[in-house]
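*Asks:* Before we start, here is the structure in question, set down as C-alpha cells.
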Amino acid sequence: MPVTYSLDDSIATFLSTQTDTTREECDILARSLLSAQVSAVPIQGAFSYTVADHSRVVQFRGSNSPLDIGVLRRARSIHGPLVAETNYHGQIGQDRPLLVYIIEKLPGITYLEYQLRSGLRQSLSEQQYNRQRTLVKDFARYF
C-alpha cells in the first residue's frame, strides 16, 4: 500500500523550499524558547514547521505566510479562550528566514485528525456532507 503522508518528508519539503535553516536549528530554538523538550506535531501544514510541548506550540513559518497577530488578538478579545494566544518571537536564519511564533495549545484534535480517525475514505451521508460543507463555509466566512 502506498504511503499517503510522511511526517519527515513533509518537514523536509517545507524547509527545503522555504529556508536554508535546518530542522535541528529550529528544534534547538524551540527548546530554548519553551524551556522544554519538543516534538514535531504529527500532521504538518503546507506553510509551516510546527513543534510542541504539552501546552505550547512553536511554529516556524515562511516569510510569505505570516500570521496577523493583530487579527488574532482581536479574535481572542471577541472569542476568548476559543482562540489560541499567539505571540511573534522574531526570525531564524539569514537567507530566507523563517518567522517564529509561540502559540497556546488548545485542547482537542484538528479537523484533519478527526477525519483520519473517523475514516477519511468512507463515503459521507448527505447529512454528514452538508454538515462538513457548512463548517467549511462558516470558517471561510469567519476568516
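FYI, it's all coordinate maths here, none of it is from the lab. As the structure is a prediction and not an experimental result, all values here were calculated from the model. Cβ sites come from the backbone with ideal geometry, for glycine too, and all protein chains shown count toward neighbours.
*Asks:* Sorted from largest down, what three extents in whole angstroms do the Cα atoms of the chain have along their principal axes?
*Replies:* The Cα atoms of the chain stretch 50, 46, 28 Å along their principal axes.
*Asks:* Could I ask something else about it? Express in nm, to one decimal, how much length is gained between GLU104 and GLU126 on full extension, taking 0.36 nm for each residue of separation and deducting their alpha carbon distance. Numbers along the way, then the final one.
*Replies:* Working: separation 22, 0.36 × 22 = 7.92 nm, distance 3.54 nm.
Net length gain for the segment: 4.4 nm.
*Asks:* Ranking TYR111, TYR49, TYR101 by Cβ neighbours within 10 Å, fewest first, what do you get? Walk me through the intermediate numbers first.
*Replies:* Working: TYR111 12, TYR49 26, TYR101 22.
Ranked by crowding around the Cβ, least crowded first: TYR111, TYR101, TYR49.
*Asks:* Right, next: Just to confirm a number: summing +1 for Lys and Arg and -1 for Asp and Glu over residues other than SER55 whose beta-carbon lies under 12 angstrom from that of SER55, what do you get?
*Replies:* On the way: positive: ARG56, LYS105; negative: ASP53, GLU85, GLU104.
Surrounding charge for SER55 is -1.
*Asks:* Based only on other Cβ atoms within 10 Å, what is the fewest-to-most ordering of LEU99, LEU135, LEU116? Kindly include the intermediate steps, with their values, before the conclusion.
*Replies:* On the way: LEU99 20, LEU135 11, LEU116 16.
Starting with the residue having the fewest Cβ neighbours, the order is LEU135, LEU116, LEU99.
*Asks:* Helix-only estimate, please: 222 nm mean residue ellipticity of the chain, summing -39500 (n - 2.57) across DSSP H runs of length 4 or more and dividing by its residues, to the nearest 500.
*Replies:* On the way: 5 runs with 59 residues, N = 143.
Taking each H run of at least 4 residues, the total per residue is -12500 deg cm²/dmol.
*Asks:* Moving on. Fewest first, what order do PHE60, PHE139 take by the number of other Cβ atoms within 10 Å?
*Replies:* Fewest-to-most Cβ neighbours within 10 Å comes out as PHE139, PHE60.
*Asks:* Positive end of the charge dipole of region 1-140 (Lys, Arg +1 and Asp, Glu -1 on Cβ, about the Cα centre): tell me which of LEU116, PRO81, GLN94 has its Cα farthest that way.
*Replies:* Working it through, the farthest residue towards the positive pole turns out to be PRO81.
*Asks:* Please list, in order along region 60-77, the HN-Hα scalar couplings obtained from phi with the Karplus expression 6.51 cos²θ - 1.76 cosθ + 1.60 (θ = phi - 60°), rounded to whole Hz, x for Gly and Pro.
*Replies:* Per residue, the Karplus-derived 3J(HN,Hα) values read 9, 10, x, 5, 8, 9, x, 8, 8, 4, x, 5, 5, 5, 5, 4, 5, 5 Hz.
*Asks:* Right, next: Most mobile of THR22, THR50, THR110 per a Gaussian network model of the chain (Cα springs, under 10 Å)?
*Replies:* With Cα springs under 10 Å in the chain, the top fluctuation among THR22, THR50, THR110 is at THR110.
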